[in-house]
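Report on the structure given below.
No lab work stands behind these numbers, since they all come straight from the coordinates. For clarity, every value in this text was computed on a predicted model and none was experimentally measured. Neighbour counts are summed over all protein chains in view; Cβ atoms, including those assigned to glycine, are modelled from backbone coordinates with ideal geometry.
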Amino acid sequence: STQHDESITDTTLKEDKITTRGKLIVIEGPDGAGKSTQANLIAERLRVILHPKNRVMCMREPGSTEAGESIRVLLKDPAIPIDTLSQLLLVYASRRQLTVEIEPILQAGDWVVLDRYEPSTIAYRPEIPEEVRWSMTKYLGFMVPDMYIFLDAGDEILLERSRAKGAPDRWDHGDKYDMLGRVRLYRDLRMWFKGVSVDTSIDTEETTARKILELIIDGGLLV
Ligand code: ADP
Ligand code: MG
């Protein structure tokens with residue numbers, strides 16, 4: 001009967017309400033800062049301390065969806081000519097698909113640790129007018145992260161680490177001044193995005209991860 005159906009709906013709604021939305025944590029910073037290393041370590045640690053029913057996914061941008069990973073391959077390949085605005089639209093396409101796929105994950109109470117997001121778009125394409133980014137963010141419904149963690153390691157160590165990485169992609173021209181300009185921009189972006197700052201040149205990877213976890217707890221994300 002109708003009566004019975006309504007009572008089922010009521011129960012479902014109540015259960016939805018008690019599921020706390022998962023958190024979206026963005027790891028940012030220049031090349032070699034330790035984003036990919038720390039994103040994985042933090043996701044591992046969060047899995048240990050969160051309730052076992054809450055999954056923790058480690059994702060990256062561009063990528064982490066089927067379409068996004070194809071876009072990533074396209075963007076990274078210096079042999080395929082793509083003009084800068086087309087590159088931007090590809091990054092936005094990847095972010096839009098990620099938004100669509102992350103939303104139900106967060107709604108289910110699961111957490112996402114994301115390696116790069118909007119600050120990286122600005123760091124690599126600083127000439128894009130703010131009103132364009134703002135309109136895109138609004139129109140495409142991009143998510144607002146719960147926390148931004150900006151990693152840094154000081155100019156010399158960053159240069160050293162990215163040199164050690166080898167194989168340049170579309171964005172790494174091996175130009176030291178290019179890179180240091182971007183490093184400085186990331187430091188400004190940390191303030192604009194109200195991120196916390198973590199120096200990865202001091203401690204081991206494990207100790208750094210523990211410090212970051214403390215910042216996540218201090219930020220009140222676990223309550
Ligand atoms: P990104 O993703 O930001 O480009 P990666 O995680 O790929 O950076 O590389 C960071 C490099 O720095 C790795 O070789 C890693 O072993 C090294 N490293 C040294 N100390 C740390 C630390 N405390 N945290 C993260 N990475 C560190
Ligand atoms: Mg990385």
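Quick one: Debye curve from the C-alpha atoms of the range 162-223, no solvent, what's log10 I(q)/I(0) at q = 0.21, 0.27 Å⁻¹? Computed log10 I(q)/I(0) values: -1.01, -1.10.
Roughly speaking, what is the stretch gain from Ser70 to Arg21, that is 0.36 nm per residue apart minus the C-alpha to C-alpha distance, in nm to one decimal?
Numbers: separation 49, 0.36 × 49 = 17.64 nm, distance 2.90 nm.
Contour length minus Cα-Cα distance gives 14.7 nm.
Close amide H contacts of Leu114 (hydrogens built in the peptide plane, cut-off under 5 Å, sequence separation of 5 or more or a different chain): Ile25, Val26, Ile27, Met59. Using the alpha-carbon positions of the range 103-153, Rg (one decimal) and Dmax (whole number) come out as 13.1, 37 Å. Candidates Phe193, Ile128, Tyr148 compared by Cα position along the dipole of the range 110-223: farthest toward the positive end lies Ile128, with charges placed on Cβ. Just so you know, the averaged projected area of the alpha carbon convex hull for the range 92-223 sits at 9.4 nm². For the Cα trace of the range 17-143, dividing Rg by the Kirkwood Rh returns an Rg/Rh value of 0.99. Dipole check for the chain: with +1 at the C-beta of Lys and Arg, -1 at the C-beta of Asp and Glu, and the Cα centre as origin, the magnitude is about 120 Debye. At R0 = 45 Å, how high is the FRET efficiency between Thr37 and Ala108 if r is their beta carbon distance? Nearest 0.05 is fine. Computed FRET efficiency for Thr37 and Ala108: 0.95. Among Thr208, Thr84, Thr137, which one moves the most in a GNM of the chain with springs linking Cα atoms closer than 10 Å? The residue that fluctuates most here is Thr84.
Hull volume per residue, based on the alpha-carbon atoms of the range 46-96 and their convex hull, is 89 Å³. In sequence order, the range 95-109 has phi-based couplings of 5, 5, 4, 5, 4, 4, 7, 7, 3, x, 5, 5, 4, 7, x Hz under the Karplus curve 6.51 cos²θ - 1.76 cosθ + 1.60, θ = phi - 60°, and Gly or Pro positions carry x. Calculated FRET efficiency, Ser135 and Ala164, Cβ-Cβ r, R0 30 Å, to nearest 0.05? That pair, Ser135 with Ala164, gives E of 0.15.
Restricting to Cα atoms and excluding each atom paired with itself, what does the Kirkwood estimate give for the chain in Å? Spell out each step's value before the answer.
Working: mean 1/r = 0.0529 Å⁻¹.
Kirkwood hydrodynamic radius for the chain: 18.9 Å.
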